[in-house]
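Here is the structure we will look at.
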Amino acid sequence: MNNKFIDAHRAENVLSGLIKLYGVKKVDIGALEPFMHPYIIELLMLLEKLGLRYSITSNGSLLYKYINNLSKLDNLLKLRISFHTLDKNFFSKISRTNYFDNVYKSIIESKKVGLPIELNCISLRGYERHMLEVVDFSVRNNLNIKIYNLYFMPQYESLFYKYFMSSEDIVNVIISHYKNVKINIEKYEGKRDRIILQINNVKLIVKNDKKIDRKNEYCRSCRYKSVCGEEFAEYLRVNPDFTFYPCYLRKDLKFDLRDNKSIEYFKKIKGSLSIRLVVSAVCNFRCSFPEEGVILCLKQGWKEYIWKN
């Protein structure tokens, strides 16, 4: 990939086409770290200009610098902040940084100004305590939280089986920790169902890793289908050069968002397009397994992405 950051002018042309031809109304902005984009606010203002609603996922290390700007935007639906522990030492182990105070500050100040924040927290077998402490924090602060599990990657297969917690495991840990948890299932077309655990006014969201659809031609023949934890093309992850992958595990499946034939094909499979813009192919975290130091990021091993502090 030649471009590490998405170009606003090219993005306007491509997104305008998606709006006109396919009725796209919403995009997700995520990986690697969007606030490393040198013109992230200008890019968000472009989405506003196009009438697109959007959510943002961030590791929170730089977010506090942009809170005032974000509070002036109209179409921001959700701001997800990754927050995996309240323990500074453990934070340093899994992020390979010392940015805990920055992340914490971003959460508190975002909440103070009323930004629509939600926490993301990873589950790791053997480290459930950290997950539960973050859940306690979210309940105290009236913040919804999404708890997600590891995705399988061949690069860390043995560690995957050591640390993986299924959606059922996660739910069992939470209901054993809390009393009077209400549980509901939210259905989504073309995406995994969400298990919603309600504690007071706070929602704990867990993506259901059961009954994943494997009927499409790519999944049927894939050697990873028994361990893969997501639906095919659940999101079209669009890189800064506007190529996209419909699956984290299949580097051979790389398409161009500007190719209408490719888009038409995926629209037929999924019925709609869920666009996840990788506005920055750069990250300042090296999210890793806590003891081994092996990167657990889904992008590790992909030469399109770089990590730098």
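The values are calculated or read from the model by the stated rules, or taken from the named source; none is laboratory data. This one's a predicted model, so the numbers in the text were calculated from it and none came from an experiment. Every residue, glycine as well, gets a Cβ built from its backbone with ideal geometry; the counts of neighbours run over all protein chains shown. Each accessible area value is taken on the protein alone, full model and side chains, heavy atoms only, with ligands, DNA and RNA left out. Shrake-Rupley method; radii C 1.70, N 1.55, O 1.52, S 1.80 Å.
Quick notes on this structure:
- The requirement of being over 30 Å from Asn260 (Cβ atoms), in contact with a strand residue (DSSP E or B) (Cβ under 6 Å, 6 or more places away or on another chain) and of a type in the set (A, V, I, L, M, F, W, C) is satisfied by Phe35.
- One residue from Leu21, Leu44 being outside any loop (DSSP other than H, G, I, E, B), more than 17 Å from the chain's Cα centre (by Cα) and surrounded by 16 or more Cβ atoms within 10 Å (Cβ to Cβ): Leu44
- Within segment 152-174, being open to solvent by less than 50 Å² (accessible area, probe 1.4 Å), more than 18 Å from the chain's Cα centre (by Cα) and not hydrophobic (A, V, I, L, M, F, W, C) holds for Tyr156, Tyr163, Asp169.
- Ser92 vs. criteria hydroxyl-bearing (Ser, Thr, Tyr) and free of Cβ contacts under 8 Å to residues at least 40 places away in the same chain: yes
- Evaluating Met131 against the criteria (1) among the hydrophobic types (A, V, I, L, M, F, W, C); (2) over 22 Å from Leu70 (Cβ atoms); (3) surrounded by fewer than 17 Cβ atoms within 10 Å (Cβ to Cβ) leaves one unmet condition, (3).
- Qualifying residues in segment 67-89 (those that are among the basic types (Lys, Arg), outside any loop (DSSP other than H, G, I, E, B) and free of Cβ contacts under 8 Å to residues at least 60 places away in the same chain) - the one nearest to Val294 (Cα to Cα): Lys88
- Any hit, segment 129-151, residues being farther than 21 Å from Asn284 by Cα, hydrophobic (A, V, I, L, M, F, W, C), at pLDDT below 95 and touching a Phe, Trp or Tyr at 6+ places or on another chain (Cβ under 8 Å): no
- All conditions in (1) open to solvent by less than 50 Å² (accessible area, probe 1.4 Å); (2) of a type outside the set (S, T, N, Q); (3) farther than 17 Å from Cys297 by Cα hold for Val113, with the sole exception of (1).
- Hits in segment 66-98 (condition: over 22 Å from Ser55 (Cβ atoms), of a type in the set (Ser, Thr, Tyr) and open to solvent by 50 Å² or more (accessible area, probe 1.4 Å)): none
- Among residues of segment 291-309 that are within 23 Å of Ser123 (Cβ to Cβ), those with a Cβ under 9 angstrom from a residue that is exposed (fewer than 14 other Cβ atoms within 10 Å of the Cβ) and modelled with pLDDT under 60, sequence gap 6+ or separate chain, pair up as Ile295/Gly301.
- Matching option when the condition is free of Cβ contacts under 8 Å to residues at least 12 places away in the same chain, closer than 22 Å to Ser166 by Cα and not hydrophobic (A, V, I, L, M, F, W, C), among Ser262, Ser226, Ser288: Ser226
- Restricted to segment 136-151, and to residues there that are in a helix (DSSP H, G or I) and out of contact with any strand residue (DSSP E or B) (no Cβ under 6 Å at 6 or more places or on another chain), the residue that is most open to solvent (accessible area, probe 1.4 Å) is Arg140.
- Strands (runs of 3 or more DSSP E) enclosed by segment 175-277 - at least 1 residues per element that are open to solvent by 50 Å² or more (accessible area, probe 1.4 Å) and at negative phi: 182-186, 202-207
- Any chance Pro38 is open to solvent by less than 40 Å² (accessible area, probe 1.4 Å) and in contact (Cβ under 8 Å) with a residue 12 or more places away in the chain: no
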